[in-house]
Amino acid sequence: MFATGRLAKKLSRPGIAFRALPVTSRVALGVLVAVILGAVLAPLLTQDPLTTGTPVQAPSADHWFGTDRAGRDVFARVVHGSRYSLVIGLGATAVALIAGAVLGSIAATSRKLGDESVMRTLDVVMSFPPIALAAVLVAVFGTSVPVIIFTIAFVYTPSLARVVRANVLAQYGEDYVAAEKVIGARRGYIVLRHVAVNCMAPVMVFATVMVAEAIIFEASLSFIGAGVQDPDPSWGSVLAYGRQILLAGGWWATFFPGLAILITVLALNILSEGLTDASAAPRSARTSPAPAATTAPDPVEAAATVDIDAALDRLARHIEATEPTITPVREDAEELLVVRDLAIRFPDRYGDIPVVDRLNFTVHEGETLGLVGESGCG
């Protein structure tokens, strides 16, 4: 039987070496952390985004990003809007990732009929213009945040399913998968326990880019009135409301929410490129620096080395003295057992994988033959 634990650990343990991230990706990660902290601490950092004051005020010491047409502080609305945009972007990506992983895995591990059924259904979804499809779904089910999340996830699921399917197909023919099939492991266990580890890095890189796309998608929906509705602040709704004073010279009402989208999306794209490089970077073991050549040898260590060498010599002589004597087989010894082209397969199970393939051996009179192999291999 194949040594499942050792074989799987040796062959199916890639990943992302975060220490291999380039400097630019680390800076991008820091920017994203700052944006997330700003969203979490928004009530402590700014005033109420619905509080009104003097309308259409340019950026000043009192209002860093100015005020909009209703007199609301743009800085407060941008900071609070990050909550909506990040929740929608991350939530839609998470839902699409789960649905895409399930559908892609089913398509990759099913027979042709199942694969074609899943993929052609996803092709139908992808044939519709994404923004138009999302606008129709939002118009039917409402503009609440959960509806927007599931709408964007529905639009992005086919793309993620294709990526998952391609990666699962690439791994499903590897040796460690064949080993699991031979011992009777179920398809779901193989995918979850081993194949998912191999597919995780490229899928997560793609999902990082999808978070950025989901944020832009939400902003687009809000801009055309099909997303988060005013007065609730999201980057898209703040941008849409600010366009009303843009022609009158109120540049700040659209510049700052657009800048927030630009910085976040750019940071996510840079981070995804760094994750791609890190996933391909080899993991090298830490090595301790070599001792200086001028260091004098330790007398105690030298004596211990001599004792070890002497003990090894005595052990070698003892093994040679106690080694059993094997009587050679006569040339004219009778052949008691002759096996040629022995093959063992299981046509009805495990995909007709050869367990024993073209085995040949002969046992003569007075000869002892040992067959060495994995336990249960036949």
Mean Cβ-within-10 Å packing, highest first, puts peptides 128-137, 173-182, 85-94, 353-362 in the order 85-94, 173-182, 128-137, 353-362
Using θ = phi - 60° and the Karplus form 6.51 cos²θ - 1.76 cosθ + 1.60, what ³J(HN,Hα) does each residue of the stretch 356-367 get, whole Hz, x for Gly and Pro? 10, 10, 6, 8, 10, 6, 9, 10, 9, 5, x, 10
In nm, what is the difference between 0.36 nm times the number of residues separating R317 and V124 and their Cα-Cα distance? 61.8 nm
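Can you tell me the dipole magnitude for the stretch 33-91 around its Cα centre, using point charges on the Cβ only (Lys, Arg +1; Asp, Glu -1), in Debye to the nearest 20? Provide the component values of the computation, followed by the final result.
Working: 4 positive and 4 negative charges, 29 e Å.
Roughly 140 debye for the stretch 33-91.
Sorted by packing (mean other beta-carbon atoms within 10 Å per residue), highest first, where do 29-35, 74-80 land?
Details: 29-35: 15.3, 74-80: 25.0.
The peptides rank, most packed first, as 74-80, 29-35.
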Out of residues 5 or more away from F65 or on other chains, whose amide H comes under 5 Å of its own, with H placed 1.01 Å from N in the peptide plane? S60, V74, F75
Could you go through the stretch 83-99 in sequence order and give the Karplus-derived ³J(HN,Hα) for each residue, using 6.51 cos²θ - 1.76 cosθ + 1.60 with θ = phi - 60°, rounded to whole Hz, and x for Gly and Pro? 4, 5, 5, 5, 4, 5, x, 6, x, 5, 5, 5, 5, 5, 5, 5, 5
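Please work out the FRET efficiency for the pair E174 and T54, using the Cβ-Cβ distance as r and a Förster radius of 45 Å; give the result to the nearest 0.05.
Working: r = 66 Å, r/R0 = 1.47.
The calculated FRET efficiency here is 0.10.
Quick one: if the Förster radius is 35 Å, what FRET efficiency do D62 and L262 give, using the C-beta to C-beta distance and rounding to 0.05? Kindly include the intermediate steps, with their values, before the conclusion.
Details: r = 25 Å, r/R0 = 0.73.
With R0 = 35 Å, the Cβ-Cβ based efficiency is 0.85.
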Round to the nearest 0.05 the FRET efficiency obtained for L192 and L337 when R0 = 45 Å and r is the Cβ-Cβ distance. 0.50
Rounded to one decimal in nm, the spacing of the 7 Å Cα→Cβ label points at V87 and L371 is 6.5
Order 67-73, 36-42, 216-222 from most to least packed using the mean count of other Cβ atoms within 10 Å. 216-222, 67-73, 36-42
Cα-projected label distance for I353 with V147, points at 7 Å along beta-carbon direction, nm: 4.9
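Bear in mind these aren't lab numbers, they're just calculated from the coordinates by the rules spelled out. Keep in mind the model is a prediction, meaning the values are calculated, not measured. FYI the Cβ positions are ideal-geometry reconstructions off the backbone, even for glycines, and counts take in every protein chain you see.
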